Structure formats: structure tokens, C-alpha cells
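What follows is calculated from the coordinates using simple rules that are stated; it is not laboratory data. It should be emphasised that the depicted structure is a prediction, and the values quoted were computed from it without experimental measurement. Note that each Cβ is placed from the backbone with ideal geometry, even for glycine, and that neighbours are counted across all protein chains shown.
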Amino acid sequence: GTPRQAAEGQHQARQTLCTLALEAIQGYEGTLQSVQDEGCLILFGAPVAQEDHARRAVRAALGLQQRVRSVPMDPAWPSGATYTVRLGLHTGQLLLGSLGADQRLTYTAVGDTTQHAAWLAQQAAPGTILVSDATARLVYSEVRLEGGAPFPGLGATDPRAAYQVLGLGCVRAPRLGEGTRRRSRFVGG
């Protein structure tokens with residue numbers, strides 16, 4: 001196709017993915033913060049704090065993954081083409097500030113937290129969800145996770161652990177960081 005057709009196809013794909021993302025976050029009170037060429041930034045627990053923001057984010061990410069798999073492809077696209085997303089979730093502090101002098105424009109989130117989430121998405125294989133160690137510690141009891149190996153971090157001397165989300169539910173696993181330490185049996189009733 002022509003460059004114009006390619007650009008229109010990319011725009012249509014981005015619109016489809018944004019619509020799916022909005023549907024996926026709707027029940028979890030996520031906020032679509034921004035849409036860029038590389039993807040979109042969705043916040044949980046901001047601007048209104050949520051104690052279970054990490055759980056909401058993981059459930060929304062799994063919902064988005066499921067929605068993306070069920071989307072029919074445009075017949076004009078090559079045979080076998082599929083939509084895929086790479087998702088990165090990180091928990092941390094955000095600096096929220098208003099944009100615009102009249103305070104009517106939206107706010108923006110800045111800082112290492114958003115950069116780390118974007119970095120995780122870049123490290124994720126297509127169709128997978130990676131979570132940071134900070135997020136994994138908040139959801140390990142209800143989410144099946146795999147990995148924990150450090151990736152080269154944002155800086156050369158900054159390796160960061162990342163876990164792949166396999167789904168909901170959890171086999172009785174040790175707390176993250178405890179290894180395979182033997183636990184005593186529960187006695188009594």
C-alpha cells in the first residue's frame with residue numbers, strides 16, 4: 001500500500017487499541033493519561049488514591065490482553081496479522097500537576113514511575129505483561145507470576161527485576177524475596 005494507507009492503518013489500529021484500553025479500565029477506575037506513538041499511559045490510584053491500585057492495574061491489563069486477542073483484523077491487513085500489546089506495570093510515587101494557567105486543562109504525571117512502566121513495556125515480549133518488583137509484592141498472593149530475573153535497567157549499573165503475569169490465581173507460593181525457605185506447619189484450629 002501507499003504511505004498514506006499505512007499511516008491510516010496505524011491510526012485505525014491505535015484507535016482500536018485505545019478503545020479496548022478504555023473498555024478494560026472502565027470497571028477498575030483507571031485514567032487514560034496520554035496516548036503516544038509508542039503506546040498509552042494509564043494510571044491507577046491517581047488522581048484519587050486507591051489502596052488496591054496494583055490489583056486493579058493487573059486485572060485491567062489481563063482484561064485488555066483478552067480483548068485484544070478477540071479483535072478481528074482488518075481484511076486489508078496481511079493474512080495472519082494480529083493485534084498484540086506489550087504491557088508494563090510499576091508501582092511508585094507520582095508527581096501530579098495541572099497543565100495550563102487557567103487550571104481547566106488536565107493534569108500530567110511525571111517522574112521515574114511512569115518511565116519505569118514504559119521501560120517494562122519495552123522489555124515485554126509481544127502479548128505479555130511485565131510487572132516490577134514493587135508491583136509484584138502487592139499482587140503476588142492473587143496473581144500467577146513467573147520470572148524475577150533482573151533485566152538490564154534504565155542505567156548500565158541498575159538491574160531491575162521483572163515478573164511476567166501469567167494470570168489470576170496463585171499456587172501457594174512463598175513471599176517474594178523469601179526464596180524456598182521451609183515453613184512450619186499450622187497446628188490447632
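Using the Cβ of Ala49 as centre and a radius below 13 Å, the other residues enclosed give a net charge of -2, where K and R count +1 and D and E count -1.
Report the local net charge at Val85: Lys and Arg +1, Asp and Glu -1, summed over other residues whose C-beta lies under 12 Å from its C-beta. Result for the local shell: +3.
Remark on Leu168: its backbone amide H falls under 5 Å from those of Arg144, a criterion applied only to residues 5 or more positions apart or on other chains, H modelled at 1.01 Å from N.
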